[in-house]
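The values are calculated or read from the model by the stated rules, or taken from the named source; none is laboratory data. All figures in this text were calculated on a predicted structure; none of them were measured in a lab. We place every Cβ from the backbone using ideal geometry, glycine too, and count neighbours over all the protein chains shown. Heads up: the accessible areas ignore ligands, DNA and RNA and are worked out on the full protein's heavy atoms, side chains in. Shrake-Rupley method; radii C 1.70, N 1.55, O 1.52, S 1.80 Å.
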Amino acid sequence: MKKIANIFRQIWTAKDLRKKVLFTAGMLFLYRFLGHIPAAGVDRNALKMLFNSSQLLGLLDVFSGGTLANFSLVALGLGPYINASIIMQLLTVIFPKLEELQKEGEYGREIVNQYTRLLTVPIAILQAFGMYFLLKSQGVIGLLSPLQLIALLATMTAGTIITVWLGELVTEYGVGNGISLLIFAGIVGRLPVTFGQTAATIETIDPMNILVFTVIGLLVVAGVVFMNEASRNIVVQYAKRLRAGRIYGGESTHLPLRVNQAGVIPIIFAVSLVLLPSMVGKFVEQIPNKALADAATAVVSFMTPGGWPYNLIYFVLVVGFTYFYTAIVFNPEKIADDLKKYGGFIPGVRPGEATANYLSGVLNRITLAGALFLGAIAILPAIGQSVFKIPSLSIGGTGLLIVVSVVLETTKSLQSQLLVRNYEGFLKI
């Protein structure tokens, strides 16, 4: 307790850091406040019943932090922005000019981010349009006039843009990654509802299953922490150089390659794509054409969250996105060139192309472990539902991974800023 109190004292006494923490808290509070302002024209009781009866909508609601079930001003949350980010990442691989922009440093990344923001607008409009038709088909919202529909679409789109803006403000002026923190705030804000749903089913659950489930939950948390911190250290030796009569270099250091280079991004990307067929299917089901409606019903049934096709595709997408995103954030060729430029080399490996190939091989092997772990975490709710008979585990493993990862990243951000101010190590054991 004394260490924790000392940590908070250090944060509070550092004026600029205190401002960042308070600014972050204020933005999160504003986001949660907007999430409780409902949009007009929706039957709240019918909306609540719909979300309680649909596992797909319940999963989307958990990611939005309850804003979707409330049909609030920020009901769409960060979903359109995440989808736009996926599309831009794919376009970066297809179009060399976008790839060159990303390699131009901060200026190039800012241009790509601007393209992502612009792409978010039409995606948000489409998602708001689809959500309106889904709610209309279920009797949650009545038939709107063209002007009312335009107002609703504008409100939903503006809510998404405001959410993205709040996230970027937190990233620039606050502590940690703003987008991740908003997702974290949404999941944590949904926890009381999730715990309430679980408590309602306690009487039908074997007490031994509850104990085993609790132990497994703690082991999963420990596993998430371990995989986030795990890394493979590559020994790097620097050659001795004579400059101005003095000898430089000759020291040995290491290059850490994280097992989970991609963090929680593959989970977020994968869940956005794996839910897309069901969402489109729900919309197409309302089309008068019987053949299309029957095909959409088959797709919705096939891709129902919790079913084995859904979980298999989800697992494969998570593994694939892990490798894809790792290839984007870590460039072996650039690392090899930098080592060669500054006189560094890996013992037993020739500088240049051989070093890049060696780093690629090591990264591919350790990424496999990280990808399989992320995939297992993604389908953990389905395993928990079938083994422990707890129906409210709609996002247990994924939510846990995001929450723990964001806490660790934010803690590291605070630690680095405290260390810059010559404070004692943050959370040192």
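Once the chain from R232 to L312 is taken as fully extended at 0.36 nm per residue, the excess over their C-alpha distance is 25.9 nm. Based on alpha-carbon atoms, the Kirkwood radius and the radius of gyration of the stretch 250-372 give Rg/Rh equal to 1.25.
Distance between the 7 Å Cα→Cβ label points at T304 and I37: 3.9 nm. Remark: the V349-R365 segment gains 4.0 nm on full extension, using 0.36 nm per residue and subtracting the alpha carbon distance. Prolate is the label for the stretch 268-327, because the ratio a/c of its alpha-carbon gyration tensor axes (a ≥ b ≥ c) is 1.5 or higher and a/b is greater than b/c.
A simple spin-label model places the labels of L211 and I111 6.3 nm from each other, with each point 7 Å out along Cα-to-Cβ. With both labels modelled 7 Å from their Cα along Cα-to-Cβ, the E99 to I150 distance reads 4.3 nm. The chymotrypsin sites (Phe, Trp or Tyr not before Pro) of the stretch 304-367 that DSSP puts in a loop, and whose beta carbon has at most 15 other beta carbons within 10 Å, are Y342.
What the Cβ-Cβ distance of A291 and A46 gives, at R0 = 35 Å and to the nearest 0.05, is a FRET efficiency of 0.75. In this structure the amide hydrogen of V236, modeled in the peptide plane, comes within under 5 Å of the amide hydrogens of T253, H254, L255, none closer than 5 places in sequence on its chain.
Surface composition of the stretch 268-389: carbon and sulfur atoms hold 69% of the protein heavy-atom accessible area at a 1.4 Å probe. Filter the cross-link list K97/K334; K136/K290; K97/K341 down to pairs whose alpha-carbon distance in this structure exceeds 22 Å. In this structure, K97/K341 exceed 22 Å between Cα atoms.
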